[in-house]
Amino acid sequence: MKQLHRVLYCSRSRLPGGAAEVGRGLRQILERSRQNNAATGLTGSLLFTESLFAQVLEGPLEALCATFERIQCDERHHDVTVLEFLPVRAREFPHWSMAYAAPGPQALPVLKAALHGAAGPEAGRILAALHEVVRGADVGAK
């Protein structure tokens, strides 16, 4: 079995338009992510606020690096900040090609702190928030 790795990052959103257009853009990201991740053996979870993304991706290193490179080059992301990149023994989100649910209001300050250099302690809090996404009532497609 291949060694698993995990990347946890935050970024600023550059999804264009008003709320409806941003919502459509987010749905497109989720649909494409779920297809691509399922095909490459990646799993993960996504938080999105009106202006910030936080995402954890996990899986084989080669697939993870290729996907994360696409994210860094994606014009919808800006100020990509890696909070954690490491080998792991097991997946945190083994049943989700990409879990998603709208985060509660407590997520925004945590994400902003992570983007402003408080990555160490914030990484654990963001990972915990991503777990809350999976435990949420309306998480979306696996």
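The values are calculated or read from the model by the stated rules, or taken from the named source; none is laboratory data. This is a predicted model, so every value here is computed, not measured. Here Cβ is always computed from backbone atoms with ideal geometry, including for glycine, and neighbour counts include all displayed protein chains.
A few points about this structure:
- Just so you know, in the stretch 48-64 the residues that are farther than 14 Å from residue 15 by Cβ and among the hydrophobic types (A, V, I, L, M, F, W, C) include one that is modelled with the lowest pLDDT, and it is 54.
- The stretch 54-80 - residue that is in contact with a Lys or Arg (Cβ under 9 Å, 6 or more places away or on another chain) and β-branched (Val, Ile, Thr) and, of those, farthest from residue 37 (Cα to Cα): 80
- Residue 5 passes every criterion in (1) modelled with pLDDT under 90; (2) closer than 18 Å to residue 126 by Cβ; (3) not small (Gly, Ala, Ser) apart from (1).
- Residues in the stretch 82-101 that are closer than 21 Å to residue 52 by Cα and among the acidic types (Asp, Glu): 84 alone.
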